[in-house]
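What follows is a short report on a single structure.
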Amino acid sequence: MLIVKKTERLEGTIKSPPSKSYTHRAVIGSSLAEGKSIIKNPLWGEDCLSSVNGCRMLGANIILDKEKDEWIVEGGKLKTPDNVIDVGNSGTTLRILTSISSQIPKGYAILTGDDSIRRRPMQPLLDALKQLNIEAFSSKMDGTAPIIVKSSKISGNVVKIRGDISSQFITSLMMLLPFNNEDTEIILTSPLKSKPYIDVTIDILNKFGIKIDKTENGFLVYGNQKYKPINYIVEGDYSSSSYLIAAGVLINSDLTIENLFSDSKQGDKAIINIVKEMGADIKVKKDKVIINGEYNLEGIDIDVKDIPDLVPTIAVLGCFAEGKTEIFNGEHVRLKECDRLRACAVELRKMGADIKEKPDGLIIRGVKKLKGAKLNTYNDHRLVMAFTVAGLKAEGETIIDNEESVKISFPNFVEVMKSIGANIEVK
């Protein structure tokens, strides 16, 4: 467990952890490219290592060089896996590799994961793959993992899928469809949520030489394309950096966060504009963010359609802001590692927050002061980190369970926080 105590000051220069989204896509794309790719500054988190493991089982030769902080990937030859692919807690790995597994030379691939993964929806992707003549189904026949995928030849040039459940389904199709012999149109049957994650996918696929165009109703993926090997440096992660930014904004601070690029395609770059709109006068440079807190924040209304991972961070910021903060358009936030809307409401109330749950979001009335409490994080890495920020500002001691779940996206979170003066320790 993590013991968090009120912290009076944070200072230092720290490097943003590498992007989880880009690392996943880089290692999977490299595994599909014939030849050698080098991924520099990858995220060594458990989720991304699940993608490494899955790609190895599907035929890629991957060398992890901790000393040089790089992954060397020899790809281009898919094979039928010798065993079940266990994706751990990584929904991205499960969703992308479900589609890719259909291109093995023969037989079947089976993909599963932990308890949380085995509850997350897969049926929209399975239905989409069926439209392409790909046989993939839930072993429990309820649309959840374990998923069984048969070696299949893609046929068809149109696939329809909802855009409002998970952008990972669309990313999965985009990474598969270059293997089709013909051009394929992805038609979205409902508005797209989490659009920036699709922008990230298109951005990195372009680096692999894969061409995708946007259309009026979705996307056009050109057929008969080949992934080309690349040398790639992974940029910093705005989702993980949101906790560092929130801490700097709420507490007396002098922080510089490096490796955050102002021209990033990441949707969670929105955290910059959110804290600015709330009243934080932070400085944004080409490749870093400078924070001299604390700032007096005011509540605002925030549409989280495209930024579901920022919800726990915003919820904590809202507790310390003047007036009302309303989070809306976030039904899909309930389908993450846990129901994050409910979890934020239930747990932050234990600290004295005035927070009300709605079907699609939260209404938070700033109380300016929280008190330490014992918090449940439901094994959700983002809740551990957001609640840590709340604990640094709260009176007394906050006890947070399952702190080891941060290994998924920010393995050295505790060490980084301690290095800037956070009063936290693992017990």
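The values are calculated or read from the model by the stated rules, or taken from the named source; none is laboratory data. What you see is a predicted model; the values in this text were computed from it and never measured. All Cβ positions, even for glycine, are placed from backbone atoms using ideal geometry, and neighbour counts span all protein chains on display. For the accessible areas, the whole protein counts, side chains as well, though only heavy atoms, and no ligand, DNA or RNA atoms are used. Shrake-Rupley method; radii C 1.70, N 1.55, O 1.52, S 1.80 Å.
Find all pairs meeting these conditions: Cβ atoms under 6 angstrom apart; at least six residues apart or on different chains; first residue within the stretch 368-396 and among the aromatic types (Phe, Trp, Tyr); second residue open to solvent by less than 50 Å² (accessible area, probe 1.4 Å). The qualifying pairs are Tyr378/Cys338; Tyr378/Ala343; Phe387/Leu375; Phe387/Ile400. Of the numbered criteria (1) surrounded by fewer than 16 Cβ atoms within 10 Å (Cβ to Cβ); (2) not in a helix (DSSP H, G or I), the one Glu277 fails is (2). Restricted to the stretch 230-262, and to residues there that are more than 24 Å from the chain's Cα centre (by Cα) and open to solvent by 20 Å² or more (accessible area, probe 1.4 Å), the residue that is farthest from Gly35 (Cα to Cα) is Asn252.
Restricting attention to helices (runs of 4 or more DSSP H) lying wholly within the stretch 309-413, give those where 2 or more residues are in contact with a Ser or Thr (Cβ under 7 Å, 6 or more places away or on another chain). Because the criterion is at least 2 residues that are in contact with a Ser or Thr (Cβ under 7 Å, 6 or more places away or on another chain), the helices (runs of 4 or more DSSP H) in the stretch 309-413 that meet it are 311-319, 381-393. Among the conditions (1) open to solvent by 70 Å² or more (accessible area, probe 1.4 Å); (2) at pLDDT below 95, Glu294 misses just one, which is (2). Checked across the stretch 205-219, the condition of being in a helix (DSSP H, G or I), under 27 Å from Gly45 (Cβ atoms) and touching a Leu at 6+ places or on another chain (Cβ under 8 Å) holds for no residue. Scanning the stretch 378-393 for residues that are hydroxyl-bearing (Ser, Thr, Tyr) and either open to solvent by 10 Å² or more (accessible area, probe 1.4 Å) or under 17 Å from the mean Cα position of the chain (by Cα) (or both) yields a count of 1. Per the conditions (1) in a helix (DSSP H, G or I); (2) open to solvent by less than 10 Å² (accessible area, probe 1.4 Å); (3) not acidic (Asp, Glu), the sole criterion not satisfied by Lys130 is (2). Filter the stretch 365-377 down to the residues that are within 15 Å of Arg340 (Cβ to Cβ) and not hydrophobic (A, V, I, L, M, F, W, C), then identify the one that is least open to solvent (accessible area, probe 1.4 Å). Among those residues, the one meeting the criterion is Thr377. For the stretch 187-204, which positions are assigned to a helix (DSSP H, G or I), touching a residue at least 40 places away in the same chain (Cβ under 8 Å) and within 14 Å of the chain's Cα centre (by Cα)? Hits for the stretch 187-204 are Lys195, Pro196, Tyr197, Asp199, Val200, Thr201. Could you please find all residues in the stretch 342-364 being buried (at least 18 other Cβ atoms within 10 Å of the Cβ) and either farther than 18 Å from Gly299 by Cα or in contact (Cβ under 8 Å) with a residue 40 or more places away in the chain (or both)? Across the stretch 342-364, the qualifying residues are Ala343, Cys344, Glu347, Leu348, Met351, Ile355, Gly361, Leu362, Ile364.
Quick one: which residue in Ile63, Ile38 is in contact (Cβ under 8 Å) with a residue 24 or more places away in the chain and among the hydrophobic types (A, V, I, L, M, F, W, C)?
Values: Ile63 fails: in contact (Cβ under 8 Å) with a residue 24 or more places away in the chain.
Answer to the selection: Ile38.
When we screen Val249, Val304, Val284 for residues that are farther than 20 Å from Ile14 by Cα and modelled with pLDDT of 95 or more, the only hit is Val304.
Give me the residue from the stretch 82-127 that is among the basic types (Lys, Arg) and under 18 Å from Asp142 (Cα atoms) and, out of that set, surrounded by the most Cβ atoms within 10 Å (Cβ to Cβ). Selected residue: Arg95. Residues in the stretch 24-81 that are crowded, with 20+ Cβ neighbours inside 10 Å, of a type in the set (Ser, Thr, Tyr) and more than 17 Å from Ile204 (Cβ to Cβ): Ser50 only.
Would you please list the contacts, defined by Cβ atoms under 8 Å and residues six or more apart or on different chains, that run from a residue in the stretch 103-132 that is under 12 Å from Phe169 (Cβ atoms) and of a type in the set (D, E, K, R) to a residue that is open to solvent by 10 Å² or more (accessible area, probe 1.4 Å) and at pLDDT below 95? Listed pairs, sorted by first residue: Arg120/Leu335. Take Gly421 and decide whether it is over 19 Å from Leu317 (Cα atoms), touching a Lys or Arg at 6+ places or on another chain (Cβ under 7 Å) and in contact (Cβ under 8 Å) with a residue 24 or more places away in the chain. The answer is yes for Gly421.
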